[in-house]
Each structure stands twice: as C-alpha cells, then as structure tokens.
Amino acid sequence: MFNAYLENTLVYDPKLCNGCAICVAVCPHNVFEMNDRLAQLVRRQACMECGACQVNCVMEAITLESGVGCASAMIRAALTGRKEIACDC
Amino acid sequence: MIDIGSIKSKPEILPTTSRLSPSDYWAHWMARIGVRRGAHRIDPGLYALGNPGPDSQVFVTANYTLSFDALRVALHGLDCYILVLDTKGINVWCAAGKGTFSTNEIVLRVLITRLNEVVRHRKLILPQLGAPGVAAHEVKKRTTFGVEYGPVRAAELPEYLKTHKATVEMRKVRFTLRDRLVLIPVDFIRLLLPMLAIAGILHFVGGILLSLGVVATVVAGAVLFPILLPWLPSHDFSMKGFILGGLVALPFSLSTYLIHPGWAWWQQTGQALGLLLAMPAVTAFIALNFTGSSTYTSRSGVRREMYRYIPAMAWTFGTGIILTGLFSLIH
C-alpha cells in the first residue's frame with residue numbers, strides 16, 4: 001500500500017548473459033551482482049528504469065521500458081501532447 | 001562548426017585549469033538559484049588540463065558548467081584531456097536521459113576534435129551516469145575508442161584512478177541531505193512569484209490566515225519536503241506530500257476558530273475543513289513534482305503515482321477551495 005514502485009519493467013534473461021559485467025558497472029542502484037561469472041538480478045525493486053544496463057548489454061539480455069521518472073515532464077507531455085523529454089533539469 | 005579550411009591544421013585544443021575563479025563560484029550560485037537556467041554552458045570540444053601528451057587519459061563530460069567544473073577540480077594535479085560534449089547546457093545524467101549525452105554525440109565529438117590524432121591510446125573515461133545514453137560497444141565500433149565507465153561522482157575520480165576499478169559505493173548514486181538542500185532554491189524561486197501573487201490576492205479577499213496558508217503550503221512542498229523526504233512515512237512522494245501538507249495545514253485549519261470568533265460554528269468548521277482539504281493537495285502536487293529531482297524514481301512508478309494520486313489532489317483541492325471560498329464570503 002502507498003508504494004507505486006513495487007513493480008517495474010525490468011526483465012533479465014540470465015541465459016543470454018556472457019559475463020561481461022557491464023550491467024554491474026553502469027547500474028546506479030546496484031541492481032545486478034556478478035555470481036558464478038554471470039550477472040544476477042539481486043535488487044530488482046531498486047531499479048529506476050534509467051536504461052543504462054539495457055543499452056550497454058551487447059547480448060541484449062536485458063529489456064525494459066526506459067525513461068526518466070519525472071512527474072513534471074510527464075505532466076507537461078500530457079498537457080502539450082509532446083514526447084516526455086522536456087523538463088528543466 | 002567544422003571549418004573546412006582548418007582540416008589540415010593541428011586539432012584545436014582549448015586550455016583549462018583545475019582551479020575555480022571567483023567568477024566560476026559566482027556562476028555556480030547563479031546556476032543553483034536558477035538564474036538564466038539554460039545559459040550555464042561552455043563550448044563543446046577538447047580541453048587540455050595541465051600539460052597532457054599523446055598518452056594522457058581522456059575524460060568525457062557534459063557542457064553544463066557545474067558538470068565540467070566538478071570534473072576539472074577533481075582532476076587537479078593530473079595532466080589529461082577533457083572531451084566536452086554538446087549536451088545543450090544540461091548535466092550528464094539528465095542529458096543521458098534526454099539523449100544528448102549519447103553515442104552519436106561522442107562519435108561526432110571524437111571526429112570533430114580529431115581525438116585520434118591527439119592521443120595514441122584508444123580509451124575514453126566516461127562518468128557512470130552517462131551510461132543511459134551511451135552504448136559502449138557502439139562507441140568502440142564507430143570510433144575505435146573503448147569506453148570505461150568511471151565512478152558516479154567526479155570527486156571520487158582520484159581514488160578510482162589508482163586502480164581503475166570502481167567500488168560498490170562509487171557505483172551507487174546517493175540522495176543525501178546536502179544533495180537535496182542544493183535543489184531547494186531553484187524550485188522555491190520558481191514558485192515564489194505565483195505564491196506571492198496568490199497570497200496577495202487572498203489577503204484582500206479572505207484575510208491574513210488565507211495568505212499565510214498559501215505561503216505555508218508552498219514552503220512545505222518546496223522546502224520542507226525535500227529536507228524531510230526520507231523520514232516521511234510511505235514510499236510514494238504524493239502520499240508523503242499529503243501527510244506533510246496535512247500537518248502544516250492543521251494549525252491553519254484550527255486557527256479559523258480563533259481568528260473568526262464571531263462566525264457561527266458551521267461557518268468556522270466549513271472554512272477549517274476547506275483549508276484542511278485544499279492545502280495538503282497543493283503540497284502533495286509539489287512533492288510529486290520532486291520525483292524528477294530525486295535519484296531513484298522509475299518512470300513506471302511515477303506514472304502509477306500520477307494515476308493514483310492526481311485525481312485525489314484535484315478533488316480535495318477543488319472541494320477545499322469551494323468550501324473555503326464559500327464560508328469566507330457568507331459571513
């Protein structure tokens with residue numbers, strides 16, 4: 001209750017992992033850890049969908065709907081009908 | 001801007017230092033309070049720090065002055081190159097999210113600056129937070145330069161450079177009290193004028209209580225909320241905002257009974273209820289907008305928050321305004 005962040009769009013297929021560990025290197029919330037020379041998804045709920053792991057994974061083992069978790073950008077997008085990239089940061 | 005005539009000349013390298021001048025500090029203050037928000041940028045290109053040679057390391061950053069300055073200060077004492085991308089004056093992380101700190105921009109900037117003629121090695125050190133916009137393997141394929149992701153914070157570069165391995169702590173983004181405090185002025189100053197205008201109007205229409213209520217509501221959302229963020233109950237920013245806004249509204253709501261002793265009890269209660277409904281809604285809305293400033297909210301989560309709470313904000317605000325207005329006018 002009162003937690004809209006329990007779920008996210010992160011999907012990881014460990015069968016595709018080649019063990020390069022770049023997902024561990026780029027994740028700002030330590031969502032992945034290396035284990036048995038493969039990446040393991042250990043803190044799924046901490047994912048903020050920034051997309052860093054996805055774009056850097058050569059094996060395309062990670063899929064997610066990446067985007068910026070910014071309400072003002074989304075509200076502006078909803079009001080103007082444009083793509084939601086416009087915020088003031 | 002590629003000057004065809006200069007193609008055969010030496011690659012252009014701009015000078016910089018690792019010391020900040022008084023005018024740099026002044027510019028930082030202006031950036032922090034939001035003066036000329038989009039103008040805090042430096043020219044994209046290749047900069048030389050100290051006395052770099054063909055084997056010196058290359059660090060990549062955004063052309064937002066606060067990003068560039070944090071990097072050059074952190075690299076004090078090192079002879080190296082700084083490759084500044086054109087991110088339209090936006091910091092690394094936001095630019096990566098918007099797609100201006102990107103694979104394409106790196107490829108373009110490496111070509112324009114003719115970096116391959118300046119250095120012998122083939123490695124770029126990027127800030128970790130640039131990663132959402134950059135595919136390291138793509139950069140390698142298109143420029144022959146490999147990408148190494150450094151730590152999140154430039155200040156940790158000296159430690160990082162000893163081993164070129166980032167610790168778990170270096171990899172983790174934080175949102176400390178200090179991080180949150182520096183964000184307050186920009187948001188508060190943006191709301192200052194509308195706040196004063198509405199407070200002024202309400203002062204004449206409904207008296208001092210209402211105008212102070214407007215100020216308290218905005219201060220709660222834009223100042224108290226960022227400070228108290230981790231300690232407010234629940235996970236959702238909107239719910240945290242409703243709770244904080246409710247606490248701030250309570251004394252105003254109760255003051256109705258003291259300030260208008262001449263009113264009938266139902267008039268007093270009507271206005272008290274109105275304030276208790278309208279004020280938290282606004283605080284919660286400002287709080288919801290702070291998701292973009294935070295370092296951990298996901299887009300799908302924020303979207304869920306919006307669907308869940310914005311209707312509640314609209315209803316409580318609307319009902320509260322009608323009640324407050326009605327009972328202010330009736331007397």
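Computed from the coordinates by the stated procedures, all read-outs in this text should not be read as laboratory data. Treat the numbers as computed from the prediction; the structure is a model and nothing was measured. Cβ coordinates were reconstructed from backbone atoms using ideal geometry, including for glycine residues, and neighbour counts include every protein chain displayed.
Of note:
- Averaging Cα coordinates gives a centre for the range A:1-78 and one for the range B:143-206; these two points are 21 Å apart.
- Normalised by the number of residues in the range A:11-80, the average gap of Cα pairs under 8 Å and 6 or more apart makes the relative contact order 32 percent.
- Approximate spin-label separation B:V107-B:S23, in nm, with each point projected 7 Å along Cα-to-Cβ: 3.7 nm
- Measuring nothing but how far apart in sequence close Cα pairs (under 8 Å, 6+ apart) lie, relative to its length, the range B:4-173 scores a relative contact order of 21 percent.
- B:Y149 long-range amide H proximity, modeled H, under 5 Å: B:L126
- Helix runs (DSSP H) in chain B reaching 18 Å along axis by Cα, Kyte-Doolittle at least 1.6: B:184-206
- Taking chain B and dividing mean pair separation by its residue count, relative contact order in percent (alpha carbons under 8 Å, at least six apart): 12 percent
- When chain B is treated as a Gaussian network with alpha carbon springs shorter than 10 Å, the biggest mean-square fluctuation among B:R122, B:R308, B:R37 belongs to B:R308.
- Result for chain B in a Gaussian network model with C-alpha springs under 10 Å: among B:T100, B:T176, B:T163, the largest mean-square fluctuation is at B:T163.
- Descending semi-axes in whole angstrom, ellipsoid equivalent of the range B:4-173, from the Cα gyration tensor: 22, 19, 17
- Temperature 20 °C, viscosity 1.002 mPa s: under these conditions the Stokes-Einstein estimate for chain A, based on its Kirkwood radius over C-alpha pairs, is 150 µm² per second.
- Gyration tensor over alpha-carbon atoms, the protein assembly as shown, equivalent ellipsoid semi-axes in Å: 47, 25, 17
- In this entry, the range B:249-331 is assigned a mean projected area of 5.9 nm², taken as a quarter of its C-alpha convex hull surface.
- Separation between Cα centres of the range B:12-66 and the range B:112-138, rounded to whole Å: 18 Å
- The angle between the Cα long axis of helix A:71-80 and the main principal axis of chain A comes to about 50°, on a 0 to 90 degree scale.
- Amide H partners (placed H, <5 Å) of B:K123, local residues excluded: B:G146
- Listed residues A:L79, A:L41, A:L64, most fluctuating in chain A (Gaussian network, C-alpha, under 10 Å): A:L79
- Calculated FRET efficiency for the pair B:K10/B:K141, C-beta based, R₀ 25 Å, to 0.05: 0.35
- Pairs beyond 28 Å (Cα-Cα), from A:K15/B:K165; B:K10/B:K165; B:K165/B:K240; B:K98/B:K141; B:K88/B:K140: B:K10/B:K165; B:K165/B:K240
- Karplus-derived HN-Hα couplings along the range A:26-34 (A = 6.51, B = -1.76, C = 1.60, θ = phi - 60°), whole Hz, x at Gly and Pro: 9, 6, x, 10, 6, 6, 10, 9, 7
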